[in-house]
Amino acid sequence: MEIEAQVQIELNKKYGKRLVALAWAIEIIAASIGFFIGFNQAQQSVRRQRLWDRYRSGLRESFCSS
């Protein structure tokens, strides 16, 4: 009985390390996806703001030149 318990403990350690490694891998992937989404959202906001600024300046020029 003692040997079986020792074997089970060793198996738990082995699979526990694998589980922790898998959890870290999933966490890194999730953080990378979050970073990618956030970065793209920021880029889109900057692009839209520049486009809106160009549009507004065009409107201003068309109204002021009349």
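Scanning region 57-66 for residues being of a type outside the set (Gly, Ala, Ser) and surrounded by 10 or more Cβ atoms within 10 Å (Cβ to Cβ) gives a total of 3.
Yes/no per residue for (1) assigned to a helix (DSSP H, G or I); (2) more than 36 Å from the chain's Cα centre (by Cα); (3) loosely packed, with under 10 Cβ neighbours inside 10 Å; (4) not hydrophobic (A, V, I, L, M, F, W, C):
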| residue | (1), (2), (3), (4) |
| --- | --- |
| 4 | yes, yes, yes, yes |
| 12 | yes, no, no, yes |
| 16 | yes, no, no, yes |
| 20 | yes, no, no, no |
| 36 | yes, no, no, no |
| 43 | yes, no, no, yes |
| 47 | yes, no, no, yes |
| 51 | yes, no, no, no |
| 55 | yes, no, no, yes |
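Values in this text are rule-based calculations from the coordinates and carry no lab data. Values in this document were obtained by computation on a predicted structure and should not be read as measured data. Heads up, the Cβs are rebuilt from the backbone with ideal geometry, glycines too, and the neighbour counts pull from every protein chain shown.
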